[in-house]
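Presented below is the structure to which this report refers.
Where a number appears in this text, it was derived from the coordinates with a stated rule and is not lab data. Note that the structure is a prediction, hence the values are computed from the model and not measured. Don't worry about glycine lacking a Cβ; one is built from the backbone with ideal geometry, like all the others, and counts go over all protein chains shown.
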Amino acid sequence: MANVVVVGAQWGDEGKGKIVDWLSERADVVARFQGGHNAGHTLVIDGTIYKLNALPSGVVRGGKLSVIGNGVVLDPWHLVKEIETIRGQGVEVTPETLMVAENTPLILPFHGELDRAREGQNAMAKIGTTGRGIGPCYEDKVGRRVIRVADLADDATLELRVDRALVHHNALRAGLGLPEIDRDALLASLREIAPEILKYAAPVWKVLNEKRRAGNRILFEGAQGALLDIDFGTYPFVASSNTIAGQAATGTGIGPGSIDFVLGIVKAYTTRVGEGPFPTELDDADGERLGTRGREFGTVTGRKRRCGWFDAVLVRQTCATSGMNGIALTKLDVLDGFETLKVCVGYELDGERLDHLPTAADQQARCTPVYEELPGWQESTEGARSWADLPANAIKYVRRVEELIDCPVALLSTSPERDDTILVTDPFAD
Ligand code: GDP
Ligand code: IMO
Ligand code: MG
C-alpha cells in the first residue's frame, strides 16, 4: 500500500499525532488536509514533548516532506511562531522540508475576533470553539471572499481581496459592536508576513501527484475527529471542515483512487472538548479517573476534556463514513485497574433500540446508552510493546471492540511514547 489516510474516529484528541509520528518512519511525505491550528497533536519522543497545531506531525522526523494542503485554513502568524518554537526544539524546517499549498485560505486576525465575539455573545449558541478563527475563515472560503496564500504575491490582488473581505466583515462587526477593521494596518501586516509564507508556497496538488507516480508513500494526517465533521458530526457542535477520510483527496488535490488504506484513530474510551451531545459521558468517579489517568486536558485551550465509556455505536458509524480499513486503538493503558468496563452497544430513544446515532439534534441529546459490561484487568499495560505483554482481559476488550465496530485493530498504543506501540497490521504493507 502506498498512501495512508489517518483520521480521528471520535471527537478528536484520539492520539493522531503519536500514531502519525510513528507511521511517518514508513512514509516519504506527511500532508495535512483540513482543519487549522485548532488541532493540537502531541508527540513524545524519548521523553521530549512536541506540540503541533498547523504543522504536520512528520516534521519532527528528518528527511520527510511536510505538506499543508489547500483544505487547511492557515494563520500565517501562528505558522511562523510554530516553526520558531519547533526549531527551538532542534527540528529543521526549510522550504525543502515544508510546502504550503498556494490555494490555502488564510486566517486573519478578524476571523479570531469574530469567532470569540460570537462565542461570548450568546450562551445558548455557544459551540465551545477554540476561538482561533477557524469557522469564520471557512465561511469566507465558501463565501468566495477569503485571502489565499497565492494572493500574497501580488499587491494589487491583495488589496482587492482585502477590500472584498472588509465590505462583508465591517458590516458584520457593526452588528456585533466591534470596531471597523483598520485596512492599512491589515495590509501592512500582510505585506510584512508575505515573504515568510511565500517561501513555502507550492502547487501541492502537482508535487503530490508527481511524488505518487514516483512511488513515494504519502501519509495524510487528519485533524479533529469524524464526530466533529461538518456533515456527519454532531451538528452544530462540530468543526467547520470535513474531517472524514474523503477530505484527504479534496484537501490536497489527489484522486480518491490514490488512497490505499484508511486508518481510524480510536481512543479506548471517549472524550470530547466543547459543547454538544455525548451519550456515554460520565460525571462520576469513573469519569474523573479516566480524565486523571488519561491526562485529559486540551492541548490548544487547556480545557478539561469531558470523559466517558467507549461508544462502539459511534465508532462503528465513523468507520463506515470514513471507510476505515483498520484502527489504531490508543490509551488502552488508561483503562488499567478498573474492576469492570462498560461499552455502549446501542441506544434507547423513546422506548426504541437504535443501532446508530440519529441526525436530529434533539434526538441525539436524548439517546441513552445501552451498555455491555466487560471484566477489567489489574495488571499494567503501560508501555506494552507486544500482544504477549497484554493481560488476557485487555486482549478480550480489544477483540470485543473490533467485533462491535466491525473493523480490525492494526495498531495498539500503550503510552504517549513513540515506541510504546504494538503493530498488528502495517497500513503501508503491500
Ligand atoms: P491528537 O489531537 O489526536 O493528536 O491527540 P492529542 O495529542 O490532543 O491527545 C492525545 C494525548 O494522549 C496526548 O497527550 C498523547 O501524548 C497521549 N497519548 C497518545 N497515545 C497514548 C497512549 O496510548 N497512552 C497514553 N496514556 N497516552 C497517550
Ligand atoms: P485535534 O486535531 C478536539 C472542537 C472544539 C469545539 C469544536 C469547534 O487535536 O483532535 P473550532 O475551534 O474548530 O471552531 O471548534 O471542535 N475541536 C476539537 N476538539 N480536538 C481537536 O483537534 C479539535 N479541534 C476543534 O473544542 O467543540
Ligand atoms: Mg488534540
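Give me the number: length gained by fully extending residue 116 to residue 144, i.e. 0.36 nm times residue separation minus the C-alpha to C-alpha distance, one decimal in nm. Walk me through the intermediate numbers first.
Values: separation 28, 0.36 × 28 = 10.08 nm, distance 2.22 nm.
Stretched fully, the residue 116-residue 144 segment lengthens by 7.9 nm.
Which of 199, 267, 331 moves most in a GNM of the chain, Cα contacts under 10 Å?
Per the Cα network of the chain with a 10 Å cutoff, 199 tops the list.
Only counting other Cβ atoms within 10 Å, I'd like 60, 142 sorted with the fewest neighbours first. Could you put the intermediate results ahead of the total?
Details: 60 25, 142 10.
Ascending Cβ contact count within 10 Å gives the list 142, 60.
So what's the chain giving for Rg/Rh, alpha carbon basis, Kirkwood Rh from the mean inverse pair distance?
On the way: Rg = 21.5 Å, Rh = 22.1 Å.
Rounded to two decimals, Rg over Rh is 0.97.
Find how many whole Å separate the alpha carbon centroid of the stretch 340-366 from the alpha carbon centroid of the stretch 151-192.
Between the Cα centre of the stretch 151-192 and that of the stretch 340-366, the gap is 46 Å.
Using 20 Å as the cut-off for backbone N distance, which residues of the stretch 346-383 belong to the label zone defined by a point 7 Å from the Cα of residue 392 along Cα→Cβ?
Label zone hits: 373-382.
In percent, how large is the relative contact order of the chain, given Cα pairs closer than 8 Å and 6 or more residues apart?
It rounds to 21 percent for the chain.
Subtracting the Cα-Cα distance from 0.36 nm times the residue separation, let me have the gained length for residue 124 to residue 209 in nm, one decimal.
Numbers: separation 85, 0.36 × 85 = 30.60 nm, distance 4.54 nm.
Extra length from residue 124 to residue 209 when fully extended: 26.1 nm.
What ranking of 386, 66 emerges when the number of other C-beta atoms within 10 Å of each C-beta is taken as an exposure proxy, fewest first? List each step's numbers first, then the result.
Working: 386 9, 66 24.
Lowest count first: 386, 66.
Could you work out how far apart the two model spin labels at residue 320 and residue 340 are, taking each label as a point 7 Å from the Cα in the direction of the beta carbon, and quote it in nm?
3.0 nm
Per DSSP H run of at least 4 residues, take -39500 (n - 2.57); add these up for the chain, divide by its residues and hand me the 222 nm value, nearest 500 deg cm²/dmol. Kindly include the intermediate steps, with their values, before the conclusion.
On the way: 12 runs with 135 residues, N = 430.
Roughly -9500 deg cm²/dmol at 222 nm, from the helical runs in the chain.
In the chain, if the dipole is taken from +1 on Lys/Arg beta carbons and -1 on Asp/Glu beta carbons about the Cα centre, which of 22, 120, 109 is farthest to the positive end?
Toward the positive end, the furthest listed residue is 109.
Considering all alpha-carbon pairs of the stretch 1-117, what whole percent are spaced by more than 16 angstrom? Walk me through the intermediate numbers first.
Details: 4107 of 6786 pairs.
That tail contains 61 percent of the Cα-Cα pairs.
With each pseudo-label sitting 7 Å past Cα toward Cβ, what's the residue 92-residue 402 distance in nm, one decimal?
Going by the 7 Å Cα→Cβ label model, 4.1 nm.
Hey, got the dipole for the stretch 109-197? About the Cα centre, +1 on K and R Cβ, -1 on D and E Cβ, debye to the nearest 20?
Details: 13 positive and 15 negative charges, 94 e Å.
Dipole about the Cα centre, nearest 20: 460 debye.
Only counting other Cβ atoms within 10 Å, I'd like 99, 324 sorted with the fewest neighbours first.
Neighbour counts put them in this order, fewest first: 99, 324.
Considering only 326, 120, 222, give the residue with the highest GNM mean-square fluctuation for the chain, with springs between Cα atoms whenever their separation is below 10 Å.
The residue that fluctuates most here is 120.
Efficiency by 1/(1 + (r/R0)^6): what FRET value for residue 378 and residue 235, r their Cβ-Cβ distance, R0 = 35 Å, to the nearest 0.05?
Details: r = 41 Å, r/R0 = 1.17.
The calculated FRET efficiency here is 0.30.
Of 394, 374, 416, which is farthest on the positive side of the dipole of the stretch 332-430, counting Cα position, with +1 on Lys and Arg Cβ, -1 on Asp and Glu Cβ, and the Cα centre as origin?
Going by the Cα projections, it comes out as 374.
With springs connecting C-alpha atoms under 10 Å apart, model the chain as a Gaussian network and identify which of 272, 213, 161 has the largest mean-square fluctuation.
Top of the fluctuation ranking is 213.
Expected output is a single nm value to one decimal: the length gained when fully extending between residue 185 and residue 172, i.e. 0.36 nm times separation in residues minus the C-alpha distance. What is it?
Values: separation 13, 0.36 × 13 = 4.68 nm, distance 1.93 nm.
Length gained between residue 185 and residue 172: 2.8 nm.
Which ³J(HN,Hα) values, rounded to whole Hz and listed in residue order, are derived for the stretch 218-232 from phi using the Karplus coefficients 6.51, -1.76 and 1.60 in 6.51 cos²θ - 1.76 cosθ + 1.60 with θ = phi - 60°, glycine and proline given as x?
Karplus values, whole Hz, x for Gly and Pro: 10, 10, 9, 9, x, 10, 6, x, 4, 7, 9, 5, 4, 9, 9.
Could you give the size of the charge dipole of the chain about its Cα centre, using +1 on the Cβ of each K and R and -1 on the Cβ of each D and E, expressed in debye and rounded to the nearest 20? Could you put the intermediate results ahead of the total?
Details: 47 positive and 61 negative charges, 142 e Å.
Using only the charged Cβ atoms, the result is roughly 680 debye.
List the extent of the Cα atoms of the stretch 109-197 along each of their three principal axes, largest first, rounded to whole Å.
Taking max minus min along each principal axis of the Cα atoms, the stretch 109-197 gives 42, 23, 22 Å.
Applying 1/(1 + (r/R0)^6) with R0 = 51 Å to the Cβ-Cβ distance of residue 363 and residue 157, what FRET efficiency is obtained, to the nearest 0.05? Show your work: numbers first, answer last.
Values: r = 47 Å, r/R0 = 0.92.
The calculated FRET efficiency here is 0.60.
Cross-link list 81/331; 81/211; 16/396: which exceed 27 angstrom alpha carbon to alpha carbon?
Values: 81/331 30 Å; 81/211 29 Å; 16/396 24 Å.
Among 81/331; 81/211; 16/396, the Cα-Cα distance tops 27 Å for 81/331; 81/211.
Given R₀ = 35 Å, what would the calculated FRET efficiency be for residue 51 paired with residue 370, taking r from the Cβ atoms and rounding to 0.05? Walk me through the numbers on the way to the answer.
Working: r = 37 Å, r/R0 = 1.07.
Using R0 = 35 Å, I get an efficiency of 0.40.
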